[in-house]
Amino acid sequence: MYNEIVDKITEYINKARSLGNTDDQIKQTLLNNGWQASIINPYFTSLPPVVNNKVNSKKHFLTFFIIAIICLIVSGGIFAGVMKYKNDSKIKSNAANKQSPSSINIEQSTQKVPNDKSELLAFIQNKNSSSSANSSESEVKFYDLNKRTFLPSDPQLPSLINSMYDLGQWSPNGIYLPILTIRASGEPEPFFLFDSISKISKKIYTFQDNLDSKYGGFSTTFWLNNRWLNDSHLVFYREDLSKPSPKEFIIDTNGTISEQAREKGYVLQNTSLTVTENVSSGPATLKSLLIDGVRFPGSVKGRVVGLIGNDLISLESPYLPNMQDFSQDPELIKRMNDTKSESEIKKIVDEAMKPKGNWILHFYDKKSGLETKIHEIKNDGWIVKNVQVRPVKKTILIALQEKATPPNSIRFLEIDPLNMTYRKIGQTLEMTSFPGLSLSNIDDYFNVSSDGNWLISYDGISTGTDSGISSWHLNSGEKNVICERSCSLIRAFNPEALTP
């Protein structure tokens, strides 16, 4: 298989060169078709990859020529791209009698086609209906972060009166966003996929209570129990505490549903990491950890955050008091009962809810499993709510909450893992409510765009009980208000984030 791939890439490069393309043009065409630079760069050096010299060149060329014809019919764009660079008239005339090299069509599950259309932010905006103050209107919004503008309304996703939309997570390649229409019990619930390339949604299935009762109540359980199996298959299961389902259901991007035995544990994954946690009882515990399909050889403290270079990073949290602690502390209860002022009660709660210690970042060598260093995030009263790896730059982003009771603020810090220096990115205004606490996107305190340029979070932009959405440019510090009120379910594609 290796020799076959090498031969086809070599044939492709030689054919393109014979048509007058420069090495830079050939390399860019390969990159545009999903091939990583680390794979193709050796073909443009003085020491190309080893080729199987025993292959019959005439037979191999005939095979490749046939493949090229088939690929050319499917991928006419590659032919057009090659023709664009033929400036010499003689080469142009000869090209009519030659087949230009087609795109290499070899299955590679690990290769990701670059998607420059995925810098999109999706969210839900809820507002009072214009027809009645007692009815609400739900709308899916799409925002281009780099162009700082909204996309035109998707005709497949009209505003819903007294019903609502719910958003899943982007597919691993950042192309598909699942959207479920949630309606009153017994009514059909259409299921859409938004395509970030065409920027149009497609309805792939409609769940009917009378026909699809085995799939359970989608309004309450669907998004709590789903994950992408790959770029084209979404797994979900019915959660019924009285009758746990032994089955999972897989729906593909064409709307075809199949069944399989339910996988035990809770699976989180990104392009390199697959983390399985056992959540059958109590706090989630790490069950297995795969890096590029290979089991991690060490033991991990705390929660896995992501990968930076050769380091696996986890976050160990201190003990965080909860309301149960209050009920077991007679002195605290007495102070609460003796206090008449609401502001004083909040102060008591905030003080009692402070974390008991520091957060610790652990760094492990991903090959040996050995811990290489640790770093304490000092406890200055702010509570660490979420940690993510910033794409491209490979730094660590942290969201910290000011205090336990609202109104409160979230501040964002960036840590350089090389020297562990801190940089403040920005801080939200005080918020009286935080949609990120909803069960469907718990721990989703902020999002990062796939190019690593934008951090997106809820923000206390408007007064009252509704939260807005803002974005911070991670290089310039620019703050951009996207949604001013009644905004929820932020969804930005981040290939470094661990998602269910």
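Every number here is computed from the coordinates shown, using simple stated rules; none is lab data. Just so we're clear, the structure is a prediction, and the values are computed from it rather than from any experiment. With ideal geometry, Cβ positions are generated from the backbone for all residues, glycine too; neighbour counts draw on all protein chains shown.
Residues VAL279, VAL305, VAL300 in ascending order of nearby Cβ atoms (within 10 Å, fewest first): VAL279, VAL300, VAL305. As a proxy for reagent exposure, ASP365, ASP338 were ordered by neighbouring Cβ count within 10 angstrom, fewest first; the result is ASP338, ASP365. Between amide H atoms placed 1.01 Å from N, distances below 5 Å from SER288 occur with THR276, all of them 5 or more places distant or on a separate chain. Computed from backbone phi, the HN-Hα couplings of the range 495-500 come to x, 8, 7, 7, 10, x Hz, rounded to whole numbers (Karplus: 6.51 cos²θ - 1.76 cosθ + 1.60, θ = phi - 60°; Gly and Pro given as x).
Pairs over the 24 Å Cα-Cα cut-off, from the set LYS354/LYS378; LYS424/LYS479; LYS394/LYS479; LYS199/LYS394; LYS385/LYS479: LYS199/LYS394.
Counting beta carbons within 10 Å around each of LEU286, LEU31 and listing the fewest first gives the order LEU31, LEU286.
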